[in-house]
Every structure is written in structure tokens, then in C-alpha cells.
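The structure appears right after this line, and notes come after that.
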Amino acid sequence: MRDFDLAELGQIPDPLAGEAQPIAVAPSLPNEASATRSTVRRRRLLAMAFSIVWMGGLLAATGVASENLTVWGRLLSCTLPAALGVWALGLALSPGKAGLGPSAKRAAMTLLAVPLLFGCVSLFSGVTGTLGHDSFICGEFILVLGAVPLLALGLALRHSSPSRSLVRSALLGSAVGLLAATVQAMHCPKSEILHSLVGHGVPVIVLGILGATVVHKLTSV
């Protein structure tokens, strides 16, 4: 065995020799920046103003029914849905505690109150009758009345809900549906049980579902 020569160490290749290579940065997908509070507030006010003009314009075009709408009938079919709609809208837009949005308990109670309200309004009317074609016409009109403001509010609030976006969006859809049903109730002279349930109540639930699905994707961060 020959002796080890220290000079031979220089012949061993150094894997770390050479110029240092920069560390590659992983590519990232471009994300739309969340809107500021002032921007969201301004867009929200514009969307609400547009919604008022939209619903008011359609009501002015169709007219207000005078027959079969007593004071008690207007209270049931107009005032109560409008009050619940304003409450749901305020709850959907409220920042809540620490900016986390409305409480789950209040949101759940409000959403459950929507079908209960139309059930009570229909039963208290006490007018029986068959389900006619006009019920579906009312339902389609309420969907048109509510879908346009719901889309406008969804676009105005896009990427502005970091938490509880699903709850906010469901409340927003229900609120718009309730207000649209109020406008239609001012125009519609019918108060039959089935007509109120199917023609006025079901579209509000559909708009709430649209809020929880379509608008939820727009408003979530």
C-alpha cells in the first residue's frame, strides 16, 4: 500500500464549485385584488339605487291593483314581506362582530322565517282556489324583478366577503326576493292560498338559492 499524498486532494471534483444558481420562484396565478371599503360602499349604493329604479319602474309600468287589496290584505302581502326583506338586507350587509359578518343564529332564523311568512300569509288570507296559470306568471315576474338587482348587488360586492360569504349571499338573495314579492303583491289582486304559496313564495326561495350559489361565488374572497 502506497502512502496517501495530500496533493491528490485537488483532483477530487467539487460539486459546489462554479457560479451559484438563483433559486427558481414558483409561478403564481394572478388574483384580483379585494376591493377597499370605500369602493365597495360606493358600488353597493349604486347597485341599490339601480335596484330601486328597476323595481319602481316595473311597478309603475304594470300599475297598482286596487281591487281585492284591503288594509289587512296589504299588511299581509306587502308590509310583512317588505319588513322581513329590509331586515334580511341589513343583516346581509352588516359587518357583524369583528367584521366576521352576521351571526349564524340570526341568519338561520331569518332564512327560516321566509317560508313561514308566506305560509302564514297564505293561510290567514283564507281564500281557497285552484292553482292557475296566473300563479306561474306572478312567479316569473318576481324572478325577473329580483334577478337583475341580485346580480347588480353581487357584482357590486364581488370579492368583499372574506368570511360567511355563503350566509351573506343567501340572505341577500332572500332579501331581494322578498322585496320583489312585495312589489308584485302591490300589482297582483289575487290572494288565494295556493297562488300566494306557489306564485309569490316559491320565487323568493329560488332567489335565495341563487344567492347562496351564484352570488356566493362572486362575493367570496
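The values are calculated or read from the model by the stated rules, or taken from the named source; none is laboratory data. Here the structure is a predicted model, which means the values were calculated and not measured. All Cβ positions, even for glycine, are placed from backbone atoms using ideal geometry, and neighbour counts span all protein chains on display.
If the condition is being among the small types (Gly, Ala, Ser) and within 20 Å of ALA180 (Cβ to Cβ), then region 38-55 contributes ALA47, ALA49, SER51.
Conditions tested, residue by residue: (1) outside any loop (DSSP other than H, G, I, E, B); (2) modelled with pLDDT under 90; (3) among the aromatic types (Phe, Trp, Tyr); (4) surrounded by fewer than 21 Cβ atoms within 10 Å (Cβ to Cβ).
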position: ALA152; (1), (2), (3), (4): yes, no, no, yes
position: HIS159; (1), (2), (3), (4): no, yes, no, yes
position: LEU172; (1), (2), (3), (4): yes, no, no, no
position: ALA175; (1), (2), (3), (4): yes, no, no, no
position: MET186; (1), (2), (3), (4): yes, yes, no, yes
position: PRO189; (1), (2), (3), (4): no, yes, no, yes
position: GLY208; (1), (2), (3), (4): yes, no, no, no
position: VAL214; (1), (2), (3), (4): yes, no, no, yes
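Filtering region 100-128 to residues that are over 22 Å from CYS78 (Cβ atoms) and either in contact (Cβ under 8 Å) with a residue 60 or more places away in the chain or of a type in the set (Asp, Glu) (or both) leaves LEU100, GLY101, PRO102, ALA104, ALA107. Checked against the criteria, VAL64 does not count as of a type in the set (Val, Ile, Thr), touching a helix residue (DSSP H, G or I) at 6+ places or on another chain (Cβ under 8 Å), within 20 Å of GLY208 (Cβ to Cβ) and modelled with pLDDT of 60 or more. Is it the case that region 123-139 has a residue that's closer than 22 Å to LEU91 by Cβ, in a helix (DSSP H, G or I) and of a type in the set (A, V, I, L, M, F, W, C)? No.
Of all the numbered requirements in (1) under 19 Å from the mean Cα position of the chain (by Cα); (2) surrounded by fewer than 21 Cβ atoms within 10 Å (Cβ to Cβ), LEU194 misses one, and that requirement is (1).
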